[in-house]
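As structure tokens, the structure follows; a few thoughts come after it.
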Amino acid sequence: MHRPVLLKESVDILTGNEGKIYLDCTLGLGGHAREILKRKKDIYLIGIDRDEEAIEIAKENLKEFSDRISLYKADFRYFDEVLRAEGVERVDGILFDLGVSMYQLKSERGFSFQIDAPLDMRMDKEQTLTAYKVVNTYPERELIRILKEYGEEKFAVRIAKAIVNRREKKPIETTGELVEVIMSTVPEFYKHGRIHPATKTFQAIRIEVNRELESLEEALYKTPEHLNPRGRLVVISFHSLEDRIVKRFMKEKEKEGVFRILTKKPITPSEEEIRENPASRSAKLRAAERV
């Protein structure tokens, strides 16, 4: 079961305005949603996720609240269309938990380099772009750009060249084959670092496949017009690229007098949470309130 990260901290801030309608833009298996709904009997929650399988599991996990939830399959960049379908113009809080769930990492969809699976990485299984297409059809210069920009990978050029050389002989079809290519090209010292040598490449490809940073940016800039006064925006991010976008957006909107930032420094997991759930260690929570 996926453990929601910074669960108490995020829900305390989100519902601290005593609101009644909340939007969970990254429903997952329903962990944060459940905690939000438990806070007050008159809270109504609208949940969005791109992953149909996750929504089905969340539906089951939240069945005791079925009269107080509406769940939608959608990319969160279109949350305004979901609200329109729901007949709601503004809500009292919007939550984004940007991590890949443990459920997705353990699936056979190629999110993790620790499980040998087909190169897929789609959060929405209906979309056409897959990790296989990125790895086997993108020009070398595009692969270098993605690995540098989205993975902050210092051996981007080496890895991209190795991918192109390998795929000329035969397509790279599985996560295991991609890991093999990476391991064969990075220097020896890099294989014994704090993180696995494939981590940044996998992150970069996943971000490209799911257009994660574009979706985040687009969604954030829609939040002010869909939050009631005192409505809260809470974002949990898991890598520096996401956190930078969130931080810049909140500062910009505070300067414009639209938001008041509630977290002068990002909230991070306690030592106890990291001990119980090591995957939470990179999480950062930022929050702001609609003026």
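The values are calculated or read from the model by the stated rules, or taken from the named source; none is laboratory data. Remember, predicted model here, so these are calculated numbers, not experimental data. Because the Cβ atoms are built from the backbone with ideal geometry, glycine has one as well, and the counts that use them run over all protein chains shown.
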Notebook entry, point to check: What number of residues within segment 4-40 are assigned to a helix (DSSP H, G or I) and of a type in the set (K, R)?
Noted result: 4
Note to self: Can you tell me which of (1) among the polar types (S, T, N, Q); (2) buried (at least 17 other Cβ atoms within 10 Å of the Cβ); (3) farther than 24 Å from L143 by Cβ is the one T201 doesn't meet?
What the structure shows: (3)
Check: From the list T185, T175, which one is under 23 Å from R141 (Cβ atoms), modelled with pLDDT of 95 or more and of a type in the set (V, I, T)?
Finding: T185
Check: For residues in segment 7-56 being within 15 Å of D97 (Cα to Cα) and among the acidic types (D, E), which is surrounded by the fewest Cβ atoms within 10 Å (Cβ to Cβ)?
Finding: D12
Margin query: Between a residue in segment 123-138 that is among the polar types (S, T, N, Q) and any residue that is assigned to a helix (DSSP H, G or I), which pairs come within a Cβ distance under 7 Å, given they are 6 or more apart or on different chains?
Written below: T130/V209; N136/R167
Notebook entry, point to check: Conditions: (1) in contact with a strand residue (DSSP E or B) (Cβ under 9 Å, 6 or more places away or on another chain); (2) surrounded by 23 or more Cβ atoms within 10 Å (Cβ to Cβ); (3) small (G, A, S). S101 meets all but one. Number of the miss?
Noted result: (1)
Notebook entry, point to check: Residues of segment 95-121 being touching a Ser or Thr at 6+ places or on another chain (Cβ under 8 Å), more than 24 Å from V246 (Cβ to Cβ) and charged (D, E, K, R), which ones?
Noted result: K106, D116, D120
Notebook entry, point to check: Going by the conditions given, is S280 surrounded by fewer than 17 Cβ atoms within 10 Å (Cβ to Cβ), closer than 17 Å to Q203 by Cα and not hydrophobic (A, V, I, L, M, F, W, C)?
Noted result: no
